[in-house]
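Please read the structure below before turning to the comments.
Please treat every number below as a calculation from the coordinates, not as lab data. What you are looking at is a predicted structure, and each value in this text was computed from that prediction instead of being measured. Cβ sites come from the backbone with ideal geometry, for glycine too, and all protein chains shown count toward neighbours.
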Amino acid sequence: MTTVILKPHKEESLKRFHPWVFSGAIARVILDEHHQGDEPQEGELVCVQTITCDVMGVGHWQVGSIAVRILAFGVDKLPKDFWGERIRKAYKMRDSIGLIQPSGNTFRLIHGEGDFLPGLIIDVYADTAVIQAHSVGMHRNRKEIAEAVVANVPQVKNVYYKSDDTLPFKAPIEGEKTGWLIAAHQQESDEFWSLENGLSFRIDWLKGQKTGFFIDQRENRALVERYAKDKDVLNMFCYTGGFSLYALRGGAKTVDSVDVSQKAIDLVNINVAQNFPDARNHKAVTADAFEYLSAQKAEGKTFDLIILDPPAFAKHRDAVKNALRGYQRINAKAIEMIRPGGILFTFSCSQAVDKEAFRLAVFSAAAQVGRKVRILHQLHQPQDHPINIYHPEGEYLKGLVLYVE
Ligand code: SAH
């Protein structure tokens, strides 16, 4: 195996179990004897050592500023059944905290660094797991990972792989980036349903966003249900209608769902029809959020409860300033349209925008429109998206529930 030797004292963060080795921390690389070329191949397993040859761990080599992502600390090769052991551990944690329930078969099984598997996401929908690789190393290991999931997660029979949008753009990728890795029964249709807190959702992992669904809002959707009774609810950036279904079950007077994607709106209608076949109080609209809110305001429309769950406005650090302006703008528009005594659920899933910055953007929005606003809840990502305490970069979802006078 190729060995990566660190510069003096550059092992400190690894000793604290932070799993990344930056390229600037590397003194030299000793390629193994089978190697061609003068660099490790992207995705290959390497052993990381200190300058005095103490073994720090084994990880995937990457091209870029993060050169190695450690998979196992303190060993010079991956233990036998490494993938099975990690997947069992992740499943056991979710089971032991009561996440695996008859009323729900939708959960995130592996959340990258939060489950000690940097570069890997696995979401489970009923009997299918959807794997998303964010590194070439995970792409190379995809088949072993799929087998380990089926062997260790009782409900999973099929594994779909979906990494077209997540693998490094320029990396040399061998094999398919998308498709079935394991299909126990021949898939007869592309209609897949999954259950979350007793509500059924059609999941389109073939064409849908991310792995098909935003599992990370499960707990926050349940909170909307508690607040929805007799309210006129507006669910902005609704995707397949997650918050809308909970609001309907909570007894909302009306629910309006808005998304710019026609495919998402088609799924909202399918999901509402499936769960509330008699609902006459739901409306789904395909529209840009900013334009929609402006048009509604011009008509003098107001709501008791608005949900704002936009896509990540900042995908990188250098986009943070613009993103904060975006959050301020959209929140100001929403706060303006809330009836006195109404509620706003507002979120940011941009990892690069931290909680304080987001709160400041919402503060500026409230001040801009001159409404009295109080924070009732501070929300975050759920238990199946755990944050490794040594890897605070894993924190990304934050939300505020506001009472608007
Ligand atoms: N709240 C959803 C997830 C939202 S994801 C849930 O609980 O499942 C963000 C959504 O915003 C995506 O569906 C995307 O299509 C939509 N979107 C992106 N830009 C938009 C825009 N300018 N106006 C309206 N919707 C937009």
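In sequence order, the range 251-268 has phi-based couplings of x, 4, 5, 9, 9, 10, 10, 10, 8, 7, 8, 5, 4, 5, 5, 4, 5, 4 Hz under the Karplus curve 6.51 cos²θ - 1.76 cosθ + 1.60, θ = phi - 60°, and Gly or Pro positions carry x. Among G37, G114, G370, the largest mean-square fluctuation in a Gaussian network model of the chain (Cα springs under 10 Å) belongs to G37. For the range 2-73, the Kirkwood radius over C-alpha pairs fed into Stokes-Einstein at 25 °C and 0.890 mPa s yields D = 207 µm² per second. The distance between label points at D165 and N197 comes to 2.4 nm (points 7 Å beyond Cα on the Cα→Cβ vector).
Under the definition of Cα pairs under 8 Å and six or more residues apart, what whole-number percent is the relative contact order of the chain? With pairs under 8 Å counted, the relative contact order is 11 percent. Relative to the longest principal axis of the Cα atoms of the chain, helix 142-152 runs at roughly 70 degrees. I need the shape label for the range 85-176. Rule: rounded when a/c is under 1.5, else prolate if a/b > b/c, else oblate, with a, b, c from the alpha carbon gyration tensor. Prolate is the answer for the range 85-176, as a/c is 1.5 or above and a/b outweighs b/c.
Taking the Cα centre as origin and putting +1 on Lys and Arg beta-carbons and -1 on Asp and Glu beta-carbons, what dipole magnitude results for the chain, to the nearest 20 debye? Write down the numbers at each step before the final one.
Values: 49 positive and 50 negative charges, 268 e Å.
Value, rounded to 20: 1280 debye.
Bridging of K301 to lysines at a Cα separation below 16 Å is possible for K231, K253, K283, K333, once same-chain residues fewer than 8 apart are set aside. Here the ratio of the Cα radius of gyration of the chain to 2.2 N^0.38 Å is 1.06.
The lysine pair tally for the range 82-193, using Cα distances under 21 Å and a gap of 8 or more places or different chains, is 9. In a Gaussian network model over the chain where Cα atoms closer than 10 Å are linked, find which of H35, H385, H111 has the largest mean-square fluctuation. In the Gaussian network model the winner is H35. Of the residues I122, F192, G104, the one whose Cα sits farthest toward the positive end of the charge dipole of the range 82-193, with +1 on the Cβ of Lys and Arg and -1 on the Cβ of Asp and Glu, is I122.
Output the antiparallel fraction of DSSP beta bridges having both residues in the chain, as a percent to the nearest 5.
That works out to approximately 65 percent antiparallel.
Note on H9/R359: beta-carbon distance plugged into 1/(1 + (r/R0)^6) with R0 of 41 Å gives a FRET efficiency of 0.70. Straightening the chain between Q262 and Q378 buys 38.6 nm, computed as 0.36 nm per residue apart minus the Cα-Cα spacing.
Distance from the Cα centroid of the range 5-71 to that of the range 103-132 is 27 Å (rounded to whole angstrom).
Close amide H contacts of L109 (hydrogens built in the peptide plane, cut-off under 5 Å, sequence separation of 5 or more or a different chain): I122, D123, V124.
What FRET efficiency comes out for the pair C53/S23, r = Cβ-Cβ distance, R0 = 30 Å, nearest 0.05? Walk me through the intermediate numbers first.
Values: r = 20 Å, r/R0 = 0.68.
Given R0 = 30 Å and the Cβ-Cβ separation, E is 0.90.
Karplus-based coupling profile of the range 169-180, in residue order and whole Hz: 3, 8, 5, x, 10, 9, x, 6, 9, 8, x, 6, with θ = phi - 60° in 6.51 cos²θ - 1.76 cosθ + 1.60 and x standing for Gly or Pro.
For the chain, take the longest principal axis of its alpha carbons; what is the angle in degrees between that and the long axis of helix 320-336, to the nearest 10 within 0 to 90? With both axes taken from Cα atoms, the answer is about 20 degrees.
Couplings 3J(HN,Hα) for the range 200-206, derived from phi with the Karplus relation 6.51 cos²θ - 1.76 cosθ + 1.60 (θ = phi - 60°), are 9, 10, 6, 10, 10, 7, 5 Hz, where x marks Gly and Pro.
The GNM of the chain, with springs linking C-alpha atoms under 10 angstrom apart, assigns the highest mean-square fluctuation among Q383, Q155, Q36 to Q36. Remark on K301: its backbone amide H falls under 5 Å from none of the residues 5 or more positions apart or on other chains, H modelled at 1.01 Å from N.
Over every pair of different alpha-carbon atoms in the range 167-255, take the mean of 1/r and invert it; report that Kirkwood radius in Å. Write out the running numbers ahead of the final one.
Numbers: mean 1/r = 0.0647 Å⁻¹.
Kirkwood radius, the range 167-255: 15.5 Å.
For A129, the amide hydrogen comes within under 5 Å of the amide hydrogens of K157, N158, V159, Y160, counting only partners 5 or more places away or on other chains and with H modelled in the peptide plane.
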